[in-house]
Amino acid sequence: MANRPQPVKSVWQVAGTGALAGVALAGTLFALAFAAIAALLMATQASAITGGLSFNYILHVTGFTLFQALLSAVLSLLVAIPVALSCWRRQRQWNARLLVTVSFLPFVMPTTVAATGLIGVWGQKGFVSDILQAFGMAPLPPIYGLGGVLLAHVFLNAPLMLRVLTGALAGIPTSQWRLSSQWGLGPLQRFHLIEWPAIRRVIPGLLALVFLVCFTSFSLVLMLGGGPSVTTLEVSIYTALRFDFNLPLAALLSCFQLGICSLVVLILAVFTGPSWASLPDLYRACPEQLGDSSLPVKSVDGLILALFCGLIFLPLLALLVRGIGPHIVSVIQWPAFYRAALNSIFIALGSGFLATLCAFTLAHARTRLTVAGTPVAGLDIAVSLYLAVSAIVLGTGLFILLRGIADVFFMAPALVMLANMLVALPFAYRVLEGRMAGLAKSHDRLCDGLGIRGWRRLRYITLPAMAPEIGYASGLASALSLGDMTVIALFGSQQFQTLPWLLYQTMARYRAGEAAALAVILLILTLVLFTSHTLIARRFRRG
Amino acid sequence: MLEVKNIYFQRENQHEFTYDFTLEAGAILAVQGPSGVGKTTLLDLIAGFEAPQRGGIAWHGQDFTSLPPWERPITTVFQNDNLFAHLTCRQNIEIALPSSFKDPQAVDEGFRQLGIDGLQNRLPAEISGGQQQRVALVRALLRDKPVLLLDESFSALDWPTRQGCFDALQSLAKDRAMAVLIVSHDERDSTYLDCERLALTI
């Protein structure tokens, strides 16, 4: 019997050169983030907190940011859980299906558009006030303040939670539903024994994610905050940088922001659940349970779904009613509108493409290195870093880093594209990474056995098989970039504007009609951009 | 002739496996034994998905133990997941054929031989599990490799369909002088094929 010493292969021989590109990219991401953080740390001075701005001010801003983010996350969850259960029970009903299908919409919707829509419904001159006044009652108080911020955060994040929770409910084995039906469990017992254990697993991660989104909320607080008492760290950084020209204070606040976000990202890494990014499986048949069709349960479900539909669709309706009409005609005659629209589309397409390309490269490297038995935590951290380093922190770091060597306002388009790409990267990565790992599991042996390798495998197997996810990731990244108002707030000028920034400025000039018209156009552009990516990807899949 | 010469293989903290046998070209060998005895491991070693710690595998005297799976004279039909979900049945076959293969009618002929004519342009999700396995078998036969490994490939088929596949397999193995290893749990398979048996034990 011949002794056969195993040939020692390097990790790169097993994982391939594609993995090397991913590792190099992760290294670049690390370097960029650390350069921005180092620039912030060097610019931070203790003297920043003297001269009118006390330490108490920073504590107050930090405390309020934490408070509103926590409250927003909890409120969103409290809204999302009953809606998810009702959607799941009524999965054959058109309104439940519609809700889950459009639940992505508030997530990709530009926050400036969301704020405009919410003002149209809940503002002092909004729909609800109009109805109240028609009945001789007093109008609603101004929406601006903590209430408005919370309402907007629930509007944007409850649908995201609904998406994840219905995904968790879809993961319950059919046999459990059948058993509960055979045992005659009531809705409460079923919730306790079957539904709650399934959704409980995803709640910590979900809360952490939404907390992070609300903690780094910028444009909503800027538009709905209503004054210095309702301000977050993000808005304070922006104010310090653009209005007070207090660079050390901006850097100090950014460090505070970064520290807290890093902690939340760590929590997020510990609690991993079904991806919010995946498409919920509401089409898997779930046998109807005993008692589901009883009148009280049906009535409660109907009421919950109707209220949630109102929460989601009324602001959109308000936008359409106020925005479509003579104001659109007026807006499309502004030269600034065309400049802003072109800038927005160019930046969105560029950062969407780059984010998807980087996410794909990193996901590929992660999959190949996992197959080669190499730890991949470094790749995950390189991406998650950009959840902690929010757009405003990154932008401030880049601002400080580059201002000595270049004209940052001249470089604004490239910087905005880069920052938007980095902010969208964790989301695009999350969409692609899971799918690629699954494909490797089912395709590796088959492809190796059939000799389908390298470019051939990428072109004919991997890319077509992943086309829906690639389309979704690039659509999502482009839509997020199109709606961004954070980075442009730092680098924007009269010469360089985007649509969200133009919308904000129009609203700040109290031109509500034109602002609503701009919001409608921005919303339509977002939807066109998002769906066109998905449709092109499907076409590619068909070949 | 396929030679499996004193192969020794052990995964970390698991059973150790040894194999030693030969199989003539044109012959069929049924690998049998209870679960966990190493039937699939044997096929993985021959196909190159696992590397043995000792011993060698050769075809007509040429050792190919150190070759990667795609350079071996082997083609495999797995128990499931043999087809790419986004490709039609015809594309699933054509993608695995060398670019020099210029006989589109041979693909149709293969479909006819295995009783699945008309499914060429369907997606895998649009046909049954049994039909998917037969598409995979058409591909394996058209790849024209001298050794065919079948890992419980037909266990999902009903008995009459399975008999049809075995008939096609027997005649093709003989015509093309292929060595066929078939892993099966069902005694009826080896009885029907009237082939050699390799009984593995722990």
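Couple of notes before you dig in:
- Identity of the residue in the stretch B:116-133, in contact with a Ser or Thr (Cβ under 8 Å, 6 or more places away or on another chain) and either crowded, with 22+ Cβ neighbours inside 10 Å or not basic (Lys, Arg) (or both), that ends up farthest from B:Ala47 (Cα to Cα): B:Asn121
- Members of the stretch A:524-539 that are without any contact (Cβ under 8 Å) to a residue 24 or more places away in the chain and either over 19 Å from the mean Cα position of the chain (by Cα) or not in a helix (DSSP H, G or I) (or both): A:Arg539
- For the stretch A:438-474, filtering for residues that are more than 17 Å from B:Pro68 (Cα to Cα), among the aliphatic types (A, V, I, L, M) and surrounded by 20 or more Cβ atoms within 10 Å (Cβ to Cβ) leaves 6.
- Odd one out for B:Gln120, checked against (1) at pLDDT 90 or above; (2) facing chain A (nearest Cβ under 9 Å); (3) under 28 Å from A:Pro464 (Cα atoms); (4) part of a loop (DSSP other than H, G, I, E, B): (2)
- Of the residues making up the stretch B:99-111, one or more are within 12 Å of chain A (Cβ to nearest Cβ) and within 21 Å of A:Arg457 (Cα to Cα).
- Residue tally, condition over 22 Å from A:Ile332 (Cβ atoms) and of a type outside the set (Asp, Glu), over the stretch A:480-511: 8
- All of (1) more than 30 Å from B:Val77 (Cα to Cα); (2) surrounded by 24 or more Cβ atoms within 10 Å (Cβ to Cβ) hold for A:Leu432 with one exception: (1).
- Subset of the stretch B:38-95 [in a helix (DSSP H, G or I) and not hydrophobic (A, V, I, L, M, F, W, C)]: B:Lys39, B:Thr40, B:Thr41, B:Asp44, B:Pro69, B:Glu71, B:Arg90, B:Gln91, B:Asn92, B:Glu94
- The residue of the stretch A:385-414 that is surrounded by the fewest Cβ atoms within 10 Å (Cβ to Cβ), among those that are assigned to a loop (DSSP other than H, G, I, E, B) and not small (Gly, Ala, Ser), is A:Ile405.
- For B:Thr22: the one exception among (1) within 14 Å of chain A (Cβ to nearest Cβ); (2) free of Cβ contacts under 8 Å to residues at least 60 places away in the same chain; (3) hydroxyl-bearing (Ser, Thr, Tyr): (1)
- Residue satisfying all of: in the stretch A:1-59; loosely packed, with under 15 Cβ neighbours inside 10 Å and among the hydroxyl-bearing types (Ser, Thr, Tyr); modelled with the lowest pLDDT among these: A:Thr50
- Filter pass, B:Leu148 being over 25 Å from B:Gly33 (Cβ atoms) and in contact with a strand residue (DSSP E or B) (Cβ under 8 Å, 6 or more places away or on another chain): no
- Helices (runs of 4 or more DSSP H) contained in the stretch A:80-188 and holding at least 2 residues over 30 Å from A:Tyr510 (Cα atoms) and of a type in the set (S, T, N, Q): A:94-101, A:174-182
- Scope the stretch B:3-24; condition assigned to a loop (DSSP other than H, G, I, E, B) and modelled with pLDDT under 90; matching residues: B:Arg11, B:Glu12, B:Asn13, B:Gln14, B:His15
- Among the residues of the stretch A:166-189, not a single one is closer than 27 Å to A:Ser262 by Cβ, of a type in the set (Val, Ile, Thr) and touching a Phe, Trp or Tyr at 6+ places or on another chain (Cβ under 8 Å).
- Residues located in the stretch B:140-169, provided they are assigned to a helix (DSSP H, G or I) and under 26 Å from B:Gln91 (Cα atoms): B:Ala140, B:Leu141, B:Leu142, B:Thr161, B:Arg162, B:Gly164, B:Cys165, B:Phe166, B:Asp167, B:Ala168, B:Leu169
- Matching residues, the stretch B:145-200, being of a type in the set (Val, Ile, Thr) and under 22 Å from B:Phe49 (Cα atoms): B:Val147, B:Val180, B:Ile182, B:Val183
- Top-ranked residue of the stretch B:32-60 - restricted to ones that are crowded, with 20+ Cβ neighbours inside 10 Å and at the interface with chain A (Cβ under 8 Å from one of its Cβ atoms), ranked as nearest to B:Asn6 (Cα to Cα): B:Gly55
- In the stretch A:200-253, the residues that are of a type in the set (Lys, Arg) and either buried (at least 22 other Cβ atoms within 10 Å of the Cβ) or not in a helix (DSSP H, G or I) (or both): A:Arg201
Here's the yes/no breakdown for (1) in contact with a Cys (Cβ under 8 Å, 6 or more places away or on another chain); (2) part of a helix (DSSP H, G or I); (3) among the aliphatic types (A, V, I, L, M); (4) modelled with pLDDT of 90 or more:
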residue	(1), (2), (3), (4)
A:Ala341	no, yes, yes, yes
A:Ile345	no, yes, yes, yes
A:Ala348	no, yes, yes, yes
A:Ser351	no, yes, no, yes
A:Leu354	no, yes, yes, yes
A:Phe360	no, yes, no, yes
A:Ala363	no, yes, yes, yes
A:Arg366	no, yes, no, yes
A:Gly373	no, no, no, no
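- 1 or more residues within 14 Å of chain B (Cβ to nearest Cβ), at pLDDT 90 or above and touching a helix residue (DSSP H, G or I) at 6+ places or on another chain (Cβ under 9 Å): qualifying helices (runs of 4 or more DSSP H) within the stretch A:415-523: A:463-483
- Residue count for the stretch A:308-334 under the criterion of being more than 28 Å from the chain's Cα centre (by Cα), assigned to a helix (DSSP H, G or I) and not hydrophobic (A, V, I, L, M, F, W, C): the result is 3.
- Scanning the stretch B:61-93 for residues that are surrounded by fewer than 17 Cβ atoms within 10 Å (Cβ to Cβ), in contact with a Pro (Cβ under 9 Å, 6 or more places away or on another chain) and at the interface with chain A (Cβ under 10 Å from one of its Cβ atoms) yields a total of 2.
- Hey, B:Ile7 over 15 Å from the mean Cα position of the chain (by Cα) and either closer than 20 Å to A:Val371 by Cβ or within 14 Å of chain A (Cβ to nearest Cβ) (or both) or not: yes
- Of the candidates A:Val113, A:Val149, A:Val121, the single residue that is within 15 Å of A:Phe308 (Cα to Cα), surrounded by 20 or more Cβ atoms within 10 Å (Cβ to Cβ) and in contact with a Leu (Cβ under 8 Å, 6 or more places away or on another chain) is A:Val121.
- Cβ-Cβ distances below 7 Å connect the following pairs, each with a first residue in the stretch A:246-266 that is under 15 Å from A:Glu234 (Cβ atoms), a second residue that is modelled with pLDDT of 85 or more and surrounded by fewer than 19 Cβ atoms within 10 Å (Cβ to Cβ), and a separation of six or more residues or different chains: A:Phe256/A:Thr62.
- When the stretch A:339-374 is limited to residues that are surrounded by 24 or more Cβ atoms within 10 Å (Cβ to Cβ) and of a type in the set (S, T, N, Q), the one that is nearest to A:Lys441 (Cα to Cα) turns out to be A:Thr367.
The values are calculated or read from the model by the stated rules, or taken from the named source; none is laboratory data. Since we're looking at a predicted model, the values are computed, not measured. Virtual Cβ from ideal backbone geometry, glycine too; neighbours counted across all protein chains shown.
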